[in-house]
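See below for the structure under consideration.
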Amino acid sequence: MKLAMFLAAAYLAGSVNFSILLFRILGRGDPRRQFSGNAGVTNVYRQAGLLWAAVVLLLDVGRALVICWAALHMLPLDAVPWMGLAFIIGNRYPCFHQFRGGRGVAGYLGFTALLSPISAGISALVWVVVYGIVRIPFIASFFMIAVLALGTIIACGFRTGAIAGTMATVFLIFNNHRQNVAAFFHWDVKWEKTLSQTGSSKENKSSENDLTTR
């Protein structure tokens with residue numbers, strides 16, 4: 001009963017979406033209506049700039065820190081990752097915002113920052129490095145989440161319950177990005193087709209040139 005109450009509280013806390021509330025205060029409408037349709041930090045950055053994206057990030061991280069602190073002080077260690085899962089579910093499917101929210105990356109970073117500060121720092125560095133190479137935010141986020149998950153499992157002493165909760169959270173966050181993955185592979189295939197068609201047209205032109213010169 002105690003765990004169920006804490007999980008419900010974590011879900012409700014995650015259901016408060018700061019980007020949606022911020023846009024309402026600023027009179028900018030709903031952030032889910034533009035670009036990716038996501039109510040997360042990246043979409044806030046695209047629409048409102050770096051300053052407001054940083055504000056949302058700090059609010060998301062700060063809230064996650066509070067939830068993790070409460071879990072660490074009131075629940076067994078192997079139950080803590082399940083609090084993170086409930087929080088991310090609330091962030092993704094917020095009951096206060098038509099069940100359409102963010103993807104949970106910033107929240108998971110904040111939740112893990114208190115549980116495993118070293119892995120949180122490393123994951124942030126990994127995100128910067130990977131993004132600098134590929135210039136695709138969701139791919140950089142995947143690497144970040146992998147580092148955070150490993151840090152969580154280590155911090156929880158490889159307990160079975162903690163591993164299960166962590167893996168469920170990772171799966172949820174990865175699944176939240178399925179549209180990005182599908183769009184990426186669609187673009188990749190489309191780009192390859194374009195290149196192949198370009199190459200074919202060049203070959204045809206060269207063949208025509210050969211015929212005219214003979």
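Taken together, the values in this text are just the output of simple stated rules run on the coordinates, not laboratory data. Note that the coordinates shown come from a computational prediction; the quantities given were computed from them, not determined experimentally. With ideal geometry, Cβ positions are generated from the backbone for all residues, glycine too; neighbour counts draw on all protein chains shown.
Annotations
- The modelled label-to-label distance for the pair Gln179/Val55, using points 7 Å beyond Cα in the direction of Cβ, is 2.5 nm.
- Binning the alpha carbon pair distances of the stretch 1-94 at 5 angstrom intervals from zero yields the distribution 3, 15, 23, 20, 15, 11, 8, 5, 1, expressed in whole percent.
- The largest-to-smallest principal axis extents of the Cα set in the stretch 2-186 are 42, 36, 29 Å.
- Pairwise FRET efficiency - Ile133 versus Leu12, Cβ, R0 = 25 Å, nearest 0.05: 0.05
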